[in-house]
Every structure is written in structure tokens, then in C-alpha cells.
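What follows is a single structure, written as C-alpha cells, with notes after it.
Since every read-out is calculated from the coordinates, none of them should be taken as a lab result. Computed from a predicted model, the values in this text were never measured in an experiment. So basically every Cβ, Gly included, is an ideal-geometry build from the backbone, and we count neighbours across all protein chains shown.
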Amino acid sequence: QEQLVESGGGLVQPGGSLRLSCVASGSFFRFAPMGWYRQAPGQERDLVARIASDDTTDFADGVKGRFTISRDKAKNTVYLQMDSLKPEDTAAYYCNTLPPLRQFWGQGTQVTVSS
């Protein structure tokens, strides 16, 4: 069964770092364009980072220079390295294809940035 499972979230102080992981089951995702999305309470789910099939990357303006997206095709895993975290980065983080497919939304992983 093809699915995506996110992990790595937690509580971190402003300025801290976290590394999120998205483990994919099934070969569908191995070369698919992938994205990390986030949703804060009361807000829409937004794309924050993307990685293309050729591993080129792009980021939302608010996270450029602080977040890095990468993938390990052998492990079928996509990562989101988040540095210099800010309170406004607090949200549930999800991975999905690009564009996202409804059937692949997982439980997400919560990131809370607070002192």
C-alpha cells in the first residue's frame, strides 16, 4: 500500500533546528516531485518546500535560507532540515506529492517553536 509517514517534529526553542523525515511506502514516490506542506491552526495548508524529480529544490519566501529539502531515493525518504526556527514556523507539517494527492495526506508531524 502506498503511503507517506512523517516524523521528527517536536518542541524547539526559537533559533533551534529540527529535521523532519517522510518515509514513503511503494515505488510510486521514488522519482516523483515531492513537497513539504504546513498548516497552522485556522490557516490553510501551504507548500513550504519542493524537490523535483531531478532533485532541484525551491522554497517559500518565508523559509528561504533556513530550510533545506533533500531526498534519499534508496531509502524512499524525503527530509526537511529546518534551521533558525521562528515561532511563526509552528504548524503541523506534511509531505505529499507535487501537486498533492488527497489519498496521500498522512497524520503529519507537529512542530512547535516556543521559548
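Give me the number: length gained by fully extending Trp105 to Ser27, i.e. 0.36 nm times residue separation minus the C-alpha to C-alpha distance, one decimal in nm.
Working: separation 78, 0.36 × 78 = 28.08 nm, distance 1.68 nm.
Gain on extension, Trp105 to Ser27, equals 26.4 nm.
From the phi of every residue in the stretch 78-88, what ³J(HN,Hα) in whole Hz does the Karplus formula 6.51 cos²θ - 1.76 cosθ + 1.60 yield, where θ is phi - 60° and glycine or proline is x?
Per-residue couplings from phi come out as 10, 10, 10, 8, 10, 10, 6, 5, 10, x, 6 Hz.
Which order, highest average first, do 86-97, 61-72 follow once you tally other Cβ atoms within 10 Å for each residue and take the mean per peptide? Numbers along the way, then the final one.
Numbers: 86-97: 19.2, 61-72: 15.3.
In decreasing order of mean packing, 86-97, 61-72 become 86-97, 61-72.
Shape verdict for the stretch 24-69, please, from the Cα gyration tensor: rounded (a/c under 1.5), prolate (a/b greater than b/c) or oblate.
On the way: a/c = 3.07, a/b = 1.41, b/c = 2.17.
Judged from the Cα gyration tensor, the stretch 24-69 comes out oblate (a/c at least 1.5, b/c at or above a/b).
For Lys64, go through the aspartates and glutamates and keep the ones whose alpha-carbon is under 20 Å away, minus same-chain ones fewer than eight residues off.
List returned: Glu44, Asp46, Asp54, Asp55, Asp83, Glu88, Asp89.
How much length is gained if the chain between Arg19 and Val5 is pulled fully straight, taking 0.36 nm per residue apart and subtracting their Cα-Cα distance, in nm to one decimal?
Values: separation 14, 0.36 × 14 = 5.04 nm, distance 1.40 nm.
Between Arg19 and Val5, full extension yields 3.6 nm more.
Please compute the Kirkwood hydrodynamic radius of the chain from all pairs of different C-alpha atoms, in Å with one decimal. Intermediate values should be presented prior to the final figure.
Values: mean 1/r = 0.0717 Å⁻¹.
Across the chain, the inverse of the average 1/r is 13.9 Å.
In percent, how large is the relative contact order of the stretch 9-109, given Cα pairs closer than 8 Å and 6 or more residues apart? Intermediate results must be reported in sequence, preceding the final value.
Details: 183 pairs, mean separation 35.0, N = 101.
Value for the stretch 9-109: 35 percent.
Can you work out the Karplus-derived ³J(HN,Hα) for every residue in the stretch 10-25? Use 6.51 cos²θ - 1.76 cosθ + 1.60 with θ = phi - 60°, whole Hz, and x for glycine or proline.
So the J values, rounded to whole Hz, are x, 9, 9, 7, x, x, x, 9, 9, 10, 8, 10, 10, 9, 9, 9.
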